[in-house]
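Enquirer: Structure incoming, see below.
The values are calculated or read from the model by the stated rules, or taken from the named source; none is laboratory data. Since the model is a prediction, treat every value here as computed from it, not as a measurement. With ideal geometry, Cβ positions are generated from the backbone for all residues, glycine too; neighbour counts draw on all protein chains shown. When the accessible area is computed, the model is the full protein with side chains, heavy atoms only, and any ligands, DNA or RNA have been set aside. Shrake-Rupley method; radii C 1.70, N 1.55, O 1.52, S 1.80 Å.
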Amino acid sequence: MIVGLALGLVSTAYASASGHVQESPEALLQGMDRAVKQLNYEGIFVYQNGNALSTLKVVHAWDAGRVRERLVSKDGSRREVLIDGNSVTYVRPSVKSIVIMQRSVHPGLPGGLDAGSWKSAYYRPQLGRSHRVAGMSCRQVVLKPVDKLRYARRICVGLRHHLPLETEVIDQHGNVVERMLFTSLTVVRSLPASEFAPPVLGSGYTLKRVQDSGPTHASAWRFSSLPEGFKLFAERERNLAAGGQRVRQLVLSDGVSTVSVFIAPATADAAANGSFLRSGALNVYAAKVDGHDVTVMGEVPQRTIRDIAGALARQSNG
């Protein structure tokens, strides 16, 4: 067994006593990007978000260049997410609700990373320890942030198929605030189309379609400054607010962590100005900006969320 290698100094592949080829952190993450998207697999995983724990089943296929995926809760009230290319369907039978959204990036497995995440200058990819999850060997990759504006990520990448067998989000105090762990996972040659058939719904369901659209006019919203590394990479409007009002969404990223800023006309029942809500790794901040309700949310520290909200301003047309 090869031991004693300092984290961050291993950049070339080496062989362990088990005979597996262990690659650089960048190579493992690149392989994971491809595997998560392009392999056909099914499995059961446990998802921990703060103190909340749930078990879900995932079925995933790469079908003619598009992702097809189904996530189904295995405990508590039934919840289901069905992904077909850019179409994402959320089903909650307990309240007879179904929401269909068009999303350019599908949510996928909890704790997943954007393609090319290892390229971010604000994290240092390092090799961690070898591990076994769901009976399979994996090697940990740690994305260690260069400052306190973002959380660390730890992913145990399977050595055989490069699928993420375990993912963790670690806050600035070293606490694991979000975790995904497979208990069983199988890569298969193909999956039947019936696995991705739309759910059969009975009477009484409420159906809502949320269609993304680009802004119909130049946005008046600007950031005076942003936490280092974060850049605006998407802006869209959505019909999410009560009464059919359009909500503007600004999406920021540092290459690993994503923060969404939702801007809607002010309402009387909005959250109190300057209030924080935390759920596991997710921090949510509510603010009032120029007669609008602003909600900022992302898996980053509260300081980062607050700084983004404080930098938002609406420019006058004049």
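Enquirer: Taking only the range 45-77 into account, find how many residues are under 18 Å from the mean Cα position of the chain (by Cα) and not in a loop (DSSP other than H, G, I, E, B).
Expert: Number of matching residues: 21.
Enquirer: Among the residues of the range 170-221, count how many are in contact with a strand residue (DSSP E or B) (Cβ under 7 Å, 6 or more places away or on another chain), modelled with pLDDT under 85 and among the polar types (S, T, N, Q).
Expert: Matching residues across the range 170-221 total 3.
Enquirer: To continue, here is another question. Which residues, counting only those in the range 271-296, are surrounded by fewer than 19 Cβ atoms within 10 Å (Cβ to Cβ), of a type in the set (Val, Ile, Thr) and closer than 22 Å to Lys148 by Cα?
Expert: Val284
Enquirer: Separate question: Where in the range 218-294 are there strands (runs of 3 or more DSSP E), lying wholly inside it, with at least 3 residues that are closer than 24 Å to Gln102 by Cβ?
Expert: 231-238, 247-253, 258-265
Enquirer: Which residue is nearest to Glu168 (Cα to Cα), if the candidates are limited to the range 227-254 and must be modelled with pLDDT of 90 or more and out of contact with any strand residue (DSSP E or B) (no Cβ under 7 Å at 6 or more places or on another chain)?
Expert: Restricting to residues being modelled with pLDDT of 90 or more and out of contact with any strand residue (DSSP E or B) (no Cβ under 7 Å at 6 or more places or on another chain), the top hit is Asp254.
Enquirer: A follow-up question, please. Out of all the residues in the range 297-311, is one or more open to solvent by 70 Å² or more (accessible area, probe 1.4 Å) and outside any helix (DSSP H, G or I)?
Expert: No.
Enquirer: Checking the structure you have, find out if any residue of the range 162-175 is without any contact (Cβ under 8 Å) to a residue 40 or more places away in the chain, open to solvent by 50 Å² or more (accessible area, probe 1.4 Å) and at negative phi. So that I can check it myself, show each step before the final result.
Expert: Within the range 162-175, the first condition is being without any contact (Cβ under 8 Å) to a residue 40 or more places away in the chain, and the residues that meet it are 165-166, 170, 173-175.
The next check asks that each one be open to solvent by 50 Å² or more (accessible area, probe 1.4 Å); those that pass are 173-175.
Now narrow it down to the ones that are at negative phi: 173, 175.
Yes, because at least one residue in the range 162-175 is without any contact (Cβ under 8 Å) to a residue 40 or more places away in the chain, open to solvent by 50 Å² or more (accessible area, probe 1.4 Å) and at negative phi.
Enquirer: Still on this structure, please answer the following. Name the residues in the range 135-157 that are within 19 Å of Gly31 (Cα to Cα), aliphatic (A, V, I, L, M) and open to solvent by 10 Å² or more (accessible area, probe 1.4 Å), would you?
Expert: Of everything in the range 135-157, those that are within 19 Å of Gly31 (Cα to Cα), aliphatic (A, V, I, L, M) and open to solvent by 10 Å² or more (accessible area, probe 1.4 Å) turn out to be Met136, Val142.
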